[in-house]
């Protein structure tokens, strides 16, 4: 905390001096680049990467440093841009770094992000990053507009190193309720009733906001079709199968933790959060068989929205994988959710409709669990 305060104070003082003295002094007069390099090194080590470009960029552009000092300044600023999620700025400065140090090759002490970016630039120039430089390598061409990081098809970001993103997802679901308290038209203790899973689907949009190198906050808006069945033998001579469909709008809110964001081919992650939901439609149907009867009793779909809890809350855990594209990533994910509140209204067990009097179905108190497998694509919307 003390270091952070120290460098915030330095930042304010530097900006004040530059602003007040710009008319009378030159950049060379204002900046002692040797001392600033030491300050930039300390700021970088303290995690204040946003200060490093302000301290060193003018020294680099004005050629106030040379040799190893200039090389270190370049690397400090490029790495600070990368860790501050400013890949376009890092990319632009890497062009200058290669022009000034064409023989430089990645060292073991270089961060992996720096190595990825350096290698991508060398490959784009037709240079093998693993080849030992020769004396014939002298002048690196000036970059053109098409040489930029986002125009090349070389992926230099890790799969988990995108900025803020938006995208969409679709998936399949499997839902199965859990009985909290059983009810039956007969004796519940003698009724072998049970819920069964049925497939459904979901589709929606999501936005992911960067919280840190490995953390994101994720927000979504999703349509979720939930389906499940209920089988029962309420009386000794008859049994039925009931099928329910629920349509919900959900707003998933979660925190995402990335395990290996620097990997250029794939990034694994976990997420956990809550899903507020609103049920706007529910229907039930079923078929009942009677021993000795020629025909089954069929109940067509009936609206049962009023007997369900409209606003609910789910807990969510999941994990998945991201695969990078040029300025986007595709992802696949498995999620498990559990309804925190029960799904049915407390006074809706015996509904005055054909579900009770024709199907013999009586609502039990239940909570819904769901497994979903989904995939989608997200685009980086961070300003370049």
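Here, each number is a calculation from the coordinates, and none is a lab measurement. Computed from a predicted model, the values in this text were never measured in an experiment. A quick note on method: Cβ atoms are made from the backbone with ideal geometry, for glycine too, and the neighbour counts reach across all protein chains shown.
Divide, for segment 252-306, the radius of gyration over alpha carbons by 2.2 N^0.38 Å, where N is the residue count. Please list the in-between numbers first.
Values: Rg = 23.5 Å, N = 55, 2.2 N^0.38 = 10.1 Å.
Cα-based Rg divided by the globular estimate yields 2.33.
Eigenvalues of the Cα gyration tensor times 5, then square-rooted: what semi-axes does that give for segment 281-384, in whole angstrom, largest first? Walk me through the intermediate numbers first.
On the way: eigenvalues 361, 60, 31 Å².
Computed over segment 281-384, the values are 42, 17, 12 Å.
Order by neighbour count: 162, 269, 183, 237, fewest other Cβ atoms within 10 Å first, most last. Don't skip to the answer; put the middle values down first.
On the way: 162 26, 269 22, 183 17, 237 11.
Ranking 162, 269, 183, 237 by Cβ neighbours within 10 Å, fewest first, gives 237, 183, 269, 162.
State whether segment 179-288 is rounded, prolate or oblate according to the following rule on the C-alpha gyration tensor (a ≥ b ≥ c being the square roots of its eigenvalues): a/c under 1.5 gives rounded; otherwise a/b larger than b/c gives prolate, and the remaining case gives oblate. Don't jump to the answer; show the numbers that get you there.
Working: a/c = 3.44, a/b = 2.74, b/c = 1.25.
In terms of gyration-tensor shape, prolate.
Work out, step by step, the length gained on full extension between residue 176 and residue 227: first 0.36 nm times the residue separation, then minus their alpha carbon distance; give nm to one decimal. Before the final figure, lay out the partial values.
On the way: separation 51, 0.36 × 51 = 18.36 nm, distance 0.81 nm.
The residue 176-residue 227 span can extend by a further 17.5 nm.
Restricted to Cα positions, what overall size does segment 165-380 have along the principal axes? Three whole-Å values, descending.
Rounded to whole Å, the extents work out to 67, 31, 27 Å.
Give the share of C-alpha pairs in each 5 angstrom bin for segment 336-384, from 0 to the last occupied bin, in whole percents, shortest bins first.
5, 15, 13, 13, 11, 11, 9, 7, 6, 5, 4, 2, 1
Show me the ranking of peptides 52-63, 211-222 by mean Cβ neighbours inside 10 Å, starting with the highest. Walk me through the numbers before you get to the answer.
Values: 52-63: 19.6, 211-222: 15.7.
My ranking of the peptides, most packed first, is 52-63, 211-222.
Under 19 Å from a point placed 7 Å out from the Cα of residue 358 along the Cα-to-Cβ direction: which residues of segment 278-299 have their backbone N that close?
From segment 278-299, the list is 282-291, 293-299.
Mind checking the full-extension length gain between residue 219 and residue 381? Use 0.36 nm per residue of separation minus the Cα-Cα distance, one decimal, nm.
On the way: separation 162, 0.36 × 162 = 58.32 nm, distance 1.50 nm.
Extending this stretch completely gives an extra 56.8 nm.
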